[in-house]
Structures are given as C-alpha cells and as structure tokens.
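The values are calculated or read from the model by the stated rules, or taken from the named source; none is laboratory data. The model shown is predicted, which means the values in this text are computed figures rather than measured ones. All Cβ positions, even for glycine, are placed from backbone atoms using ideal geometry, and neighbour counts span all protein chains on display. The accessibility values were calculated without ligands, DNA or RNA, using every heavy atom of the protein model including side chains. Shrake-Rupley method; radii C 1.70, N 1.55, O 1.52, S 1.80 Å.
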Amino acid sequence: MPPASASNLARCRPLFPTSTLRPLATPTTNIVLLGSGAREHALAWKMTQDGARVHVLPGGAGIPGSVPAVSATDFPAIQQFCEQQQVKLIVVGPEAPLAAGVADYFEGSDIRVFGPRKAAAVLESSKVWSKDFMRRHGVATGRAWTFRSDQLDQARAAAAELQGHAVLKYDGLAAGKGVWVCSSEAEFETALTEMQTLAPAGHQWYSFLVEEKLIGPEISIIGLTDGNTMRLLSPSQDHKQLLAGDLGPNTGGMGAYCPVPFADDNVLALVREVIIEPTLRGLRTEGLPFMGFLYFGIMLTPSGPKLLEYNVRLGDPEAQVLLASLSSSLVDLVTAALDGRLAEVGLRQKPGSFVGVVLASGGYPAAQFPTGFAIDGIDAVTPATLVFQGGTKRNEAGQLVTSGGRVLTVVAGGPDLEVAVERAYAEVKKVTFQDAYYRPDIGQRPTPELAGQAQ
C-alpha cells in the first residue's frame, strides 16, 4: 500500500480532519511507525499533523500509509523498507517490538529508534523484575510477593492473609489482560485459574506477583524522556473494566479522558519526587539509559501516590486522548529526545478536556467472539471528532468490518469535561455495527477526596 498522501487523507475526513493538517508536499520528516491499533492510528494522525510522512507497519484498514506486508517484529524486513523509502526514524507503538529488541537491532545504524532497548523494556515485559527495580531504588509502591507456578498454595496463603483483597499479576506480556484485581478469596481462585492459560506452550513454569490491593483513584502519567529529562503529557485516566461502574473483567481499556482535574500541580510534584525521579535515577544507576515513552500507572492512596506498573510505550486508549490534546509537535519532541536535548524543548497542551470512548465487539474480552460485521456511520461523525481504528479490516467486497475486540475509539474535545463527555457520546451513537458495546460512563467517575496528597 502506498504511503499516505494529502488526497488519501482527504478521503478519510472524519479520521483526519483536513482543516487541521499541514500540507504534505514537502514533508519535513519521513517516519516508520510500528504497530496496528488505535494507538498507532492516533500516533500516525498526530505526526502527520506535524508535517511528517508516516508509513505504518503493518497498520490497519483505516490507517493511511499502512504497509500490511511488513510485520512490526520482522526487523530485517523493516530495515529493508526503511532503506527503500529513505527512512531514518522509527517510532514504536506497541510493547512487543521493544521487548523483542527493535532498538538493539538498529543500534549502530543510521536509522534511529524512538523506544528503549530490550534491557530497559523489561520494565514492562517482566512484572517481577520491575517490582524488584522499584524496591531497589525506593520508588513508592505497594507490598508484593513473588511466586512460581509450582507455588500456587503459597500464593493462596498470601491472598488469604490479605482477606482476598489482592492483585494477581502474570510475569510477562499479556496484551493488557495479565492483571486481576480481586476482592475475595473466591475471586482470587478464579484469577489463578485464568492466569494459567497465559503461560506459553511448552513452558514448565512461570512467575507471578501477588500484591496488596491499594485503594484510591488510579491515573496514568505518561511522558517522553531522553533518560535525564522527562516531559509529561496531561494526566489521564483509563477505564479498564468492561462494565459501567468499574465492574466486570479487566480489558485493554474501554475509554479514557484527560486532563484529570484532581491530578493538580501538587499531586504531579509529589509523583515526580517519589516515583518519576527515583525511576530515572535507578535506570541510570543500573546502566539502562531509557529513551522513549514511559508510562506510570499510579494509585493515589490516602498515604500518597503509589506506582502500580510501568509501560514502556504510550497507553491505549490513553494515547488517543493525549495526542488529541497535544498542541506541541510530537515529531519535534521525539527528535529532541533522540538528540538528548529534551530539556531545551517545552510541551504545550490544548485547553479544555478530551474524552475517548471505545466501541468493542460483543463478547470481548473473552478469548473468542464473533467479528466480520459491517461498520456504518463513520462518515456521519463531525469533522471535529476523531475516530481511531483498532480492530477493523476490509472484507472481500472492500467493506470496513470488525476484526478485533476494541474496534474503534471515538475522541471528542470540549471546554470542560462535562461538554467533552456529552460530545463524545453524541458521536458514538452515530457509529454502528452488530453487537457493538461501549461503556456509558467514561469520564464520569465522582471526584475523589485526596487527603494528604500534597504533603
């Protein structure tokens, strides 16, 4: 598939409002973006706005510039494509290429990768390693115990001591589904059973964590770093559970919004002090210079912010609202980080609030659910609204159909959160496919009390 052009983008008006695009006749940067979901669609949209020419490997049906023949983890094929297209910059969307060592593969070449090397990507790829890292470097976090798959009884005993109020985390990449938040020993037992299905075939054992269940509102803090300086995007809040009221199974995320009103400057200053700065110091101390996006999943507990987990890339669906809200050039920020001069570049956000609602396939997040249903109504969405495609494809007749669990993310902005919510749901109702499901309460949690957060 050829790279995106101004005419291609014009045909995708609801996805890429042409009134906000810079002309692409003389692109300033030629970029390969790895990935295929709604997060990558949002990244491609933003970098195109910044004037870049973006090739998305492998991309998807609704992402201009997609190159479906090249896998995001086929590094020789990626290198060949970059050489053919004279690409000198690779931006990585998902975690899998980072965990597989894409930054290491291109190290020493004239192709630069925005993303950490494999040794630093272990912050996400191993929950056990990252928890030990937090302990070694004094990062504020909750209590946790490490077990192997032949120690299930010991894990049950730990959960019993916590009266079932425990979090179970599989030690490995699980596409956002390797965490179970439990409120009883019965729920913990169910989680243990489900976790055992994640182990790769042929592996005799695996590790996992049992953590204390922390109480408080959860926020996502994501920034870009060159290893020394970190520029933070707006605080955002994901909605992980499938059902309204934060009920039901964990998903990859059913929606998000930003900024988070109660994550004010005092809260962010404390997060920097007890979580972000110790993390960056720890990485430098251990000889793991980190360059790329770094995600902090944080619980604002009564005793202060505690780190739940790291991700070494943008979150999904957080990326969809964060990139919609970013006024600064993402390409300039990425380039500054690669050059080690992020301290010289500021980061500006647009005023107001942004809300993203995920439309999912009926049956998600089960392992199997029906797909292939026609998607209608995207053309009816207002030009001010963004529709990022995650689980879509074209059928033999060329019709856009569902192909995954989280099909679309509809993003709308407004002068405040209430208006942004209203606009987002008005647009969501225009897009239809069989068995479509979305949460009706994204961005509508009650404002929490945060006693002691500023101390």
Is there a residue being surrounded by fewer than 17 Cβ atoms within 10 Å (Cβ to Cβ) and among the hydrophobic types (A, V, I, L, M, F, W, C) anywhere in the range 223-239?
no
Candidate set from the range 289-299 (those that are in contact with a Lys or Arg (Cβ under 8 Å, 6 or more places away or on another chain) and over 20 Å from V102 (Cα atoms)); member that is least open to solvent (accessible area, probe 1.4 Å):
I298
Quick check, is A140 open to solvent by less than 40 Å² (accessible area, probe 1.4 Å), modelled with pLDDT of 95 or more and within 18 Å of E309 (Cβ to Cβ)?
yes
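Test of understanding: among V87, V70, which residue is of a type in the set (V, I, T) and open to solvent by less than 10 Å² (accessible area, probe 1.4 Å)? I'd like the intermediate steps shown before the answer.
Values: V70 fails: open to solvent by less than 10 Å² (accessible area, probe 1.4 Å).
Result of the check over V87, V70: V87.
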Please list, ordered by first then second residue, the pairs with beta carbon atoms under 8 Å, 6 or more apart or interchain, first in the range 413-427 and under 15 Å from A324 (Cα atoms), second in a helix (DSSP H, G or I) and at pLDDT 95 or above.
G413/A324; G413/S325; G413/A420; G413/R423; G414/A420; G414/V421; G414/E422; G414/R423
All positions within the range 310-351 that are touching a residue at least 40 places away in the same chain (Cβ under 8 Å), among the small types (G, A, S), over 23 Å from V102 (Cβ atoms) and open to solvent by less than 10 Å² (accessible area, probe 1.4 Å):
A324, S325
Before we move on, is A120 part of a helix (DSSP H, G or I) and under 23 Å from V274 (Cβ atoms)?
yes
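Can you confirm whether W129 is in contact with a strand residue (DSSP E or B) (Cβ under 7 Å, 6 or more places away or on another chain) and either at pLDDT 90 or above or part of a loop (DSSP other than H, G, I, E, B) (or both)? Even if it seems obvious, please write down each step before you answer.
Working: in contact with a strand residue (DSSP E or B) (Cβ under 7 Å, 6 or more places away or on another chain): no; either at pLDDT 90 or above or part of a loop (DSSP other than H, G, I, E, B) (or both): yes.
In short, no.
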Would you mind finding the one in A426, A397 that is assigned to a loop (DSSP other than H, G, I, E, B), more than 21 Å from G252 (Cβ to Cβ) and of a type in the set (A, V, I, L, M, F, W, C)?
A397
Hey, among L300, L268, L314, L280, which residue is modelled with pLDDT of 95 or more, touching a Ser or Thr at 6+ places or on another chain (Cβ under 8 Å) and either within 20 Å of V54 (Cα to Cα) or not assigned by the TED database to the domain that holds L34 (or both)?
L280
Conditions (1) more than 21 Å from the chain's Cα centre (by Cα); (2) open to solvent by less than 60 Å² (accessible area, probe 1.4 Å) -> D264 fails only (2)
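I want to confirm something. Restricting to the range 18-44 and keeping residues that are touching a Leu at 6+ places or on another chain (Cβ under 9 Å) and open to solvent by 10 Å² or more (accessible area, probe 1.4 Å), which single residue is modelled with the lowest pLDDT? Working first, answer last.
Within the range 18-44, the first condition is being touching a Leu at 6+ places or on another chain (Cβ under 9 Å), and the residues that meet it are 18, 21, 24, 29-36, 38-44.
After this cut, where a residue has to be open to solvent by 10 Å² or more (accessible area, probe 1.4 Å) as well, the list is 18, 21, 24, 29-30, 36, 39.
Values: T18: 31, L21: 36, L24: 35, T29: 85, N30: 95, S36: 96, R39: 98.
In this case the residue turns out to be T18.
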Checked pairs for the range 53-77, first on the phi < 0 side of the Ramachandran plot and part of a helix (DSSP H, G or I), second among the β-branched types (V, I, T) and buried (at least 23 other Cβ atoms within 10 Å of the Cβ), C-beta under 9 Å and 6 or more apart or across chains, list as F75/V102
Matching entry among T371, T392, T402 (being over 30 Å from K306 (Cβ atoms) and touching a residue at least 60 places away in the same chain (Cβ under 8 Å))
T392
Condition (residue is open to solvent by 40 Å² or more (accessible area, probe 1.4 Å), among the acidic types (D, E) and in a loop (DSSP other than H, G, I, E, B)) applied to the range 371-394: is it met by at least one residue?
no
